[in-house]
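This report concerns only the one structure given below.
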Amino acid sequence: MTITIYTAPAPFEGRQGQRQMLAIYSWLQLNPRPSVVLLGQDASLSKFAEPLAPFVRVDTEIDFTFLGAHMFHTMVGRARASTSDIAVLIEPDLILFPDFIDVLGYSHLMQDDWLLVAMSRNVPSFPFHQQLPEGPWLIKSNNVVETEEVHAYVSQHGQWTACKGGQLWAWNTGKVPLHAGVMPPFVYEQGQHNEWLLNEALTSGYRFVFDATEAFSLIYPQDIPKTVQVTQTEEVDKYEYQEWGFAVNAHLARHYGSYVFRPANFSNLPVKLFKCGGPKSKKFCFWDHFKHLSYCFPPELLLIAEGQGAGFAGMQAAEDSYITSFRRYVLGKTWKYFPIQPHLLGARRNLPFWKNFVSGFRMSSNRRSTCLQDNFTVGAELDCPVSRVKEPLPLNSHLASPFSLESLLSRVANSDKVVVLAVVGNSYRDMLMSWVCRLKWLKLSNLILSAVDDDIYEFAILQGLPVFKSGPSMNLSFNDCHFGTECFQTVTKVKSRTVLQILQLGYHVLLSDVDVYWFKDPTRELMSFGPGTLVAQTDEYNLTEALNVPRRLNSGFYFAWSNNATIAAFERIVKHAATSHMSEQPSFYDVLCGVGGKYRVGTTLCVEPLTNLTVHFLDREKYPNGAYKTLWENENVAEVCKRQGCVILHNNWISGRKKKLARQIASGLWDYDDRGHMCIKSWHSSGQIHLF
């Protein structure tokens, strides 16, 4: 039995960093030892994991909001792609003990696919610590304490705090999904995602879902020993604007799946797994509180499995002989489906436990009460409200970002005060997400989005993207806003106004349409032309023509400096476009290069006389437009562009959104799984990616 534990730690700093270290050390002491995957991008994760390799490693291939928060749906997706027998998703500061392996062992023997859920208990004062991942538990002056003593302390001092415990998920891997439908892009630790997942798993019925909270020790150490010097003396909120984050998750929960109609919490999980006989017992029982039925696994089952081989290798062999599961029982089948095959038991068939095993499903109320009294809790304390949001959003509510444009710019701009801007409408939301995913793959975090309609504004908020409204919202047709249309002309004029607004706030702008595929980050090269130059892509594709021929300046990809000359030039462009019945692109050329190209210099430049601003048309080999050398018609576009030295490739010179979309997807230059609401990762399988 192989196990991989996935978790999303905060930076390993201060008291929270200590808790995380303590928790992960406890995981590494389990037998069999699991692999631990730290999901995150903070540098402290790699520093922590390096000395613990190969058992601990860092995986950055999940999605994050622009504030750095983990996206829960990609965390689950990453764990679902695990190649281990069992995947575990756990909060990073929860301590595990050896009884967790007992629970996984029994669960692993079931033939049916299963999903285990558990909540943690809070230990107000946890006096133990560890100095090494394989070292013993220590107390006070580094005196050694046996694990059993720590476990007994936890059993005595652990407290349930309704709805505030940490959470653990575990399941057997394979092709069976955890739930039907698609999980929306929840922000991790901002509420609702655990409740939503539990509800969807229960209502889908793909797996046997049970609450194992009372079957093993899962604890949150609130107050831990100060074993290391820390730089932080106070805990701080992990993410800003938490109330806004809660509202976003509540909005998603109420618009996806059946959660809004059938809210779930642990109190109405139909089946619970609990330990009968106290903390040291290895007797586990299922309790269906709807049917008032109990079924207990005999401890001898584990011994029989272990007798066939060393440790859990024997359990793997026993799995082939264990021909049923409790799920069939709770669905109304009889006990005859439960026994282990007789040949596995052999002479042991006459042992006392066998009689109980085949006939003891309906545990008497007295025996059940006695057994439950031996547990840590009866479970009633786990009742939780279905929503942790103070004022749940109605179904028809609209979201708004708490960030102003100035606030967004200060957060996302790089150290050179450069932002990568896309102005986009809802008709191009699919291409927007592929473009965003590509920039994330290139490690660019300074992007900012200007939304021209309410739908794309709300969509971007729900994707965790930095977005602001360009102005009054437009009502755009989904398929009729391509080149040459009145809609297209209107949207392009918004772009120059938005760029001017950002330049006036003191930030440099690299504007890119979302149909521009980036092979590399061009920022340094574009800045190298200097503050007196605006660099732009040429739309000329004829190899015999100059790059700066009339009206061939492409306003879908350029770099503009925030200085007086550039701002003055953009003010004239905006004014010119406002009186034009065409798109903004002719206004760019006529203002900067003169009508008919009278300000042209050579074959690649224009110099605008009023501001002395130089316009440099970019090399077509490195910055090709969509018609240049018919690059898009090649069988392997990426390979051809790589040989040519492309920095970007514009998917223009094609009419219609659908045709443009089909061309880009067919080329393989696509980075977004629209069905899963996530960027395509290396761990995606072909069966997980759904491209329209």
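The values are calculated or read from the model by the stated rules, or taken from the named source; none is laboratory data. All figures in this text were calculated on a predicted structure; none of them were measured in a lab. Reconstructed Cβ throughout: ideal geometry from the backbone, glycine too, with neighbour counts over all protein chains shown. Keep in mind that these areas ignore ligands, DNA and RNA; they rest on the heavy atoms of the full protein, side chains included. Shrake-Rupley method; radii C 1.70, N 1.55, O 1.52, S 1.80 Å.
For region 22-136, which fully contained helices (runs of 4 or more DSSP H) count at least 2 residues that are of a type outside the set (Gly, Ala, Ser) and closer than 30 Å to Val436 by Cα?
Those helices (runs of 4 or more DSSP H) span 43-49, 72-80.
Within region 5-22, track down each residue that is of a type outside the set (Lys, Arg) and over 22 Å from the mean Cα position of the chain (by Cα).
Hits for region 5-22 are Glu13, Gly14, Gln18, Met21, Leu22.
What is the number of the single condition among (1) assigned to a loop (DSSP other than H, G, I, E, B); (2) under 16 Å from Val420 (Cα atoms) that Thr544 does not meet?
Looking at each condition in turn, Thr544 falls short on (2).
Tell me, which residue of region 110-137 that is in contact with a Pro (Cβ under 6 Å, 6 or more places away or on another chain) and open to solvent by less than 10 Å² (accessible area, probe 1.4 Å) is nearest to Ala212 (Cα to Cα)?
So, considering only residues that are in contact with a Pro (Cβ under 6 Å, 6 or more places away or on another chain) and open to solvent by less than 10 Å² (accessible area, probe 1.4 Å), the one nearest to Ala212 (Cα to Cα) is Val123.
Do you know which residues across region 82-101 are surrounded by 21 or more Cβ atoms within 10 Å (Cβ to Cβ) and over 26 Å from Ile224 (Cβ atoms)?
Within region 82-101, Ser82, Ile86, Ala87 qualify.
Would you mind finding the one in Arg572, Arg552 that is charged (D, E, K, R), more than 31 Å from the chain's Cα centre (by Cα) and surrounded by fewer than 21 Cβ atoms within 10 Å (Cβ to Cβ)?
Arg572
Can you name the residue in region 39-81 that is touching a residue at least 12 places away in the same chain (Cβ under 8 Å) and of a type in the set (D, E, K, R) and, of all such residues, is most open to solvent (accessible area, probe 1.4 Å)?
Only one residue tops the list, namely Lys47.
Please go through region 551-589 and pick out each residue that is assigned to a loop (DSSP other than H, G, I, E, B) and under 21 Å from Asn612 (Cβ atoms). If you could, list the steps in order and put the result at the bottom.
Within region 551-589, the first condition is being assigned to a loop (DSSP other than H, G, I, E, B), and the residues that meet it are 551-552, 561-563, 579-583.
Within region 551-589, Trp561, Ser562, Asn563 meet the criteria.
Okay, residues lined up against (1) of a type in the set (A, V, I, L, M); (2) within 17 Å of Met75 (Cα to Cα):
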site: Ala152; (1), (2): yes, no
site: Trp160; (1), (2): no, no
site: Gln167; (1), (2): no, yes
site: Leu178; (1), (2): yes, yes
site: Val182; (1), (2): yes, yes
site: Glu189; (1), (2): no, yes
site: Trp196; (1), (2): no, yes
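Return the only residue of Phe617, Phe588 being within 45 Å of the chain's Cα centre (by Cα) and under 11 Å from Asn548 (Cα atoms). It would help to see each step written out before you state the result.
Details: Phe588 fails: under 11 Å from Asn548 (Cα atoms).
Just a single option satisfies the conditions, and that option is Phe617.
Which one of these is within 24 Å of Gln222 (Cβ to Cβ) and touching a Lys or Arg at 6+ places or on another chain (Cβ under 9 Å): Leu67, Leu38, Leu30?
Going through Leu67, Leu38, Leu30 in turn, the sole match is Leu38.
Working only within region 5-16, note down all residues that are open to solvent by less than 10 Å² (accessible area, probe 1.4 Å) and either in contact with a Pro (Cβ under 8 Å, 6 or more places away or on another chain) or part of a loop (DSSP other than H, G, I, E, B) (or both).
Of everything in region 5-16, those that are open to solvent by less than 10 Å² (accessible area, probe 1.4 Å) and either in contact with a Pro (Cβ under 8 Å, 6 or more places away or on another chain) or part of a loop (DSSP other than H, G, I, E, B) (or both) turn out to be Ile5, Thr7, Ala8, Pro9.
One line per residue, one yes/no per condition, for (1) at pLDDT 95 or above; (2) polar (S, T, N, Q):
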| residue | (1), (2) |
| --- | --- |
| Val56 | yes, no |
| Asp59 | yes, no |
| Thr65 | no, yes |
| Gly68 | no, no |
| His73 | yes, no |
| Ala79 | yes, no |
| Val88 | yes, no |
| Pro92 | yes, no |
| Ile95 | no, no |
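With out of contact with any Lys or Arg (no Cβ under 8 Å at 6 or more places or on another chain) and under 21 Å from Lys660 (Cβ atoms) as the only criterion, which of Val535, Val499, Val494 stands out?
The unique qualifying residue is Val494.
If I filter region 431-446 for residues that are of a type outside the set (Ser, Thr, Tyr) and touching a Cys at 6+ places or on another chain (Cβ under 7 Å), do I get at least one hit?
There is at least one residue in region 431-446 that is of a type outside the set (Ser, Thr, Tyr) and touching a Cys at 6+ places or on another chain (Cβ under 7 Å).
Please go through region 20-38 and pick out each residue that is open to solvent by 20 Å² or more (accessible area, probe 1.4 Å) and in contact with a strand residue (DSSP E or B) (Cβ under 6 Å, 6 or more places away or on another chain).
Matches in region 20-38: Ser35 only.
Being of a type in the set (Val, Ile, Thr) and open to solvent by less than 20 Å² (accessible area, probe 1.4 Å) narrows it down to one of Val176, Val209, Val144, so name that one.
That would be Val209, the only listed residue that is of a type in the set (Val, Ile, Thr) and open to solvent by less than 20 Å² (accessible area, probe 1.4 Å).
Would you be able to tell me the number of residues in region 152-192 that are farther than 29 Å from Asp99 by Cβ and hydrophobic (A, V, I, L, M, F, W, C)?
5
Considering only residues that are among the hydroxyl-bearing types (Ser, Thr, Tyr), open to solvent by 20 Å² or more (accessible area, probe 1.4 Å) and under 23 Å from the mean Cα position of the chain (by Cα), which ones fall in region 413-434?
Selection gives Tyr428 alone.
Take the residues in region 229-283 that are among the aliphatic types (A, V, I, L, M) and either open to solvent by 20 Å² or more (accessible area, probe 1.4 Å) or at pLDDT below 75 (or both), then tell me which one is nearest to Thr203 (Cα to Cα). Outline the logic, then answer.
Kept after step one, since they are among the aliphatic types (A, V, I, L, M), are these residues of region 229-283: 230, 236, 247-248, 250, 252-253, 260, 264, 269, 271, 273.
Retained after the next criterion (residues that are either open to solvent by 20 Å² or more (accessible area, probe 1.4 Å) or at pLDDT below 75 (or both)): 230, 236, 247, 260, 264.
On the way: Val230: 46, Val236: 37, Ala247: 24, Val260: 12, Ala264: 10 Å.
Per the criteria, the residue is Ala264.
Taking region 521-545 on its own, how many of its residues are open to solvent by 20 Å² or more (accessible area, probe 1.4 Å), among the small types (Gly, Ala, Ser) and more than 37 Å from the chain's Cα centre (by Cα)?
1
From (1) touching a Phe, Trp or Tyr at 6+ places or on another chain (Cβ under 6 Å); (2) open to solvent by 20 Å² or more (accessible area, probe 1.4 Å), pick out the condition that doesn't hold for Ala152.
Every listed condition holds for Ala152 apart from (1).
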